Amino acid sequence: MNRRSFLSRSALTGTGLLILPGGALANPANNRLNIALIGVSGRGLSHYGWLRDQNVVALCDINEAFFADALKTFAGAATYTDWRKCLDHKGLDAVVICTADHHHAFISNWALNRGLHVYCEKPLAISVEEARVVRANWLTKKGKLATQVGTQMHAQENYSRMREMIRDGAIGTLESATAFGNRQIRRKAYHPASGSPPQGLHWDLWLGPSPERPFNPAYFVGRPGANCLEWNMFWDYGVGQIGDMGSHMMDMVWNVIDATLPVSIQAQGEAFNPDVTPVELVSHFDHPANAWRGPLRVSWHQGGLMPRRPAPGIDLTAIGHGAVFKGTKGFLITDYQKRMLLPYGKDADLSYYRPRAKQDQEPPITAFHQNWIDACKDPSKATCCDFEYGANMIEQMLLGLVAYRVGKKLEYDGATGKVTNAPEANEFISRKYRDGWTLNG
């Protein structure tokens, strides 16, 4: 049996039991995955509930102080401070990644290299090259390993309704799609050196592949689950709102438009800061036509630079984070849970559109984590946000940052991952790593 999947199962004749990964025996109705949770506090805490139904055999965190509480839930799990060692824990089937963003692509790629199923919090990558490497690796294992990017709001039923409304012509022919977010967290520069890491906090491992910088406790403040807002705006550790709310909001668009990679990109925003990603930014991405729609412009607005309101009285700032789809006969304005259909023009009487009958509606995902678990146990099943879907989406968003840094419209060859009209832009496709760290380990 392949211990990495549940596709090849060997029944014990007459016992009703199965040999599971790692050689354990269990009732087939109660089989569980052997999982490593990497990042046990912060965002990791939100996964404890569903992980209790699996077999968490390894815990990893750069702060040893978090292990005591984690072990109350996952008694007997081995503990590691270095994820590179954790990934070689004997008998693993899968990994759940809740680390700082600059480790995501590294851990994901290393895990795939070891034949592990992977759930990775968003963003999947913080450089174009990272997104492309992880996607390419997973595509060689598609149908064998299950992957999921943690844009868990994708499970909202509203996502399914948005998609079917636009595909069924509720706003006529789709012309453009815009995602937006008005969060504004400003920083001037990396924090200066301040004090020393407390005992058990491994600062060097937290830095990981990023350049060596001095410790400052300010990177570790903030409530659990929101600590990312203290470090993800710095270029070495994240990509600011592109990777945070941008991943969630663009997911609403991505789920509808069936896009791959843009052919041209342009962006503008506040003055460039070599330490801090922009707060104010507007990016535009041109996508080729596909089987059901024509060429499409997709946009991202952040930091209070809101898109033009679709009609008087529609306050996008009050919505805060959402998306607007524009068609020839109207707009669909949406956030996670709600949507507003706004017809316009003399022909927009909605006589051309009939909502689907209940039995014909696209089913929502409903259980986002279970969607991944089910695919881990039977990788012939699809997940809703796999590493092809997620890597394409974040590659597009990261290209917006490349265009912002270069300051000109870029022409992009998605097959090669190269900008063709501005060679200087290709410098920003990848990032440099500290000695001893490799993306493909």
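The values are calculated or read from the model by the stated rules, or taken from the named source; none is laboratory data. The shown structure was predicted, so the numbers you read here are calculated from the model rather than taken from an experiment. Glycine gets a Cβ as well: all are built from the backbone with ideal geometry, and neighbour counts include every protein chain shown.
Determine, yes or no, whether Y353 is surrounded by fewer than 19 Cβ atoms within 10 Å (Cβ to Cβ) and not hydrophobic (A, V, I, L, M, F, W, C). Taking the combined requirement at face value, the residue satisfies it.
Answer yes or no as to whether A226 is of a type outside the set (F, W, Y), exposed (fewer than 14 other Cβ atoms within 10 Å of the Cβ) and modelled with pLDDT under 95. The answer is yes for A226. Residues that are under 23 Å from the mean Cα position of the chain (by Cα) and either crowded, with 17+ Cβ neighbours inside 10 Å or farther than 23 Å from S299 by Cβ (or both) do occur in the range 190-206. Residues considered: I171, I166. Of these, the only one that is in a loop (DSSP other than H, G, I, E, B), among the β-branched types (V, I, T) and modelled with pLDDT of 95 or more is I171. Within the range 30-86, the set of residues being among the aliphatic types (A, V, I, L, M), closer than 19 Å to I107 by Cβ and part of a helix (DSSP H, G or I) comprises L45, L51, A70.
Residue count for the range 296-308, restricted to those that are in contact with an Asp or Glu (Cβ under 7 Å, 6 or more places away or on another chain) and not in a strand (DSSP E or B): 3. Candidates P214, P123, P192: the one that is under 28 Å from A65 (Cα atoms) and either touching a Phe, Trp or Tyr at 6+ places or on another chain (Cβ under 6 Å) or touching a residue at least 60 places away in the same chain (Cβ under 8 Å) (or both) is P123. Inspect the range 90-105 for any residue being surrounded by fewer than 24 Cβ atoms within 10 Å (Cβ to Cβ) and free of Cβ contacts under 8 Å to residues at least 60 places away in the same chain and give the result as yes or no. Checked against the condition, which is being surrounded by fewer than 24 Cβ atoms within 10 Å (Cβ to Cβ) and free of Cβ contacts under 8 Å to residues at least 60 places away in the same chain, the range 90-105 yields no hits at all.
Kindly indicate which of T73, T15 is modelled with pLDDT under 50, out of contact with any Cys (no Cβ under 8 Å at 6 or more places or on another chain) and of a type in the set (V, I, T).
On the way: T73 fails: modelled with pLDDT under 50.
That would be T15, the only listed residue that is modelled with pLDDT under 50, out of contact with any Cys (no Cβ under 8 Å at 6 or more places or on another chain) and of a type in the set (V, I, T).
Taken over the range 300-341, the criterion of being within 23 Å of E157 (Cβ to Cβ), of a type in the set (G, A, S) and surrounded by 19 or more Cβ atoms within 10 Å (Cβ to Cβ) is satisfied by G322, A323, G327, G330. When P312 is tested against the conditions (1) in contact with a Phe, Trp or Tyr (Cβ under 7 Å, 6 or more places away or on another chain); (2) at pLDDT below 95, the lone failure is (1).
Only one of E388, E427, E395 is in contact with a strand residue (DSSP E or B) (Cβ under 8 Å, 6 or more places away or on another chain) and of a type in the set (D, E). Can you tell me which? Steps first, answer last, please.
Details: E427 fails: in contact with a strand residue (DSSP E or B) (Cβ under 8 Å, 6 or more places away or on another chain); E395 fails: in contact with a strand residue (DSSP E or B) (Cβ under 8 Å, 6 or more places away or on another chain).
None of the other options fit; the residue is E388.
On inspection, Y344 qualifies as farther than 29 Å from Q148 by Cα, of a type in the set (F, W, Y) and out of contact with any His (no Cβ under 8 Å at 6 or more places or on another chain).
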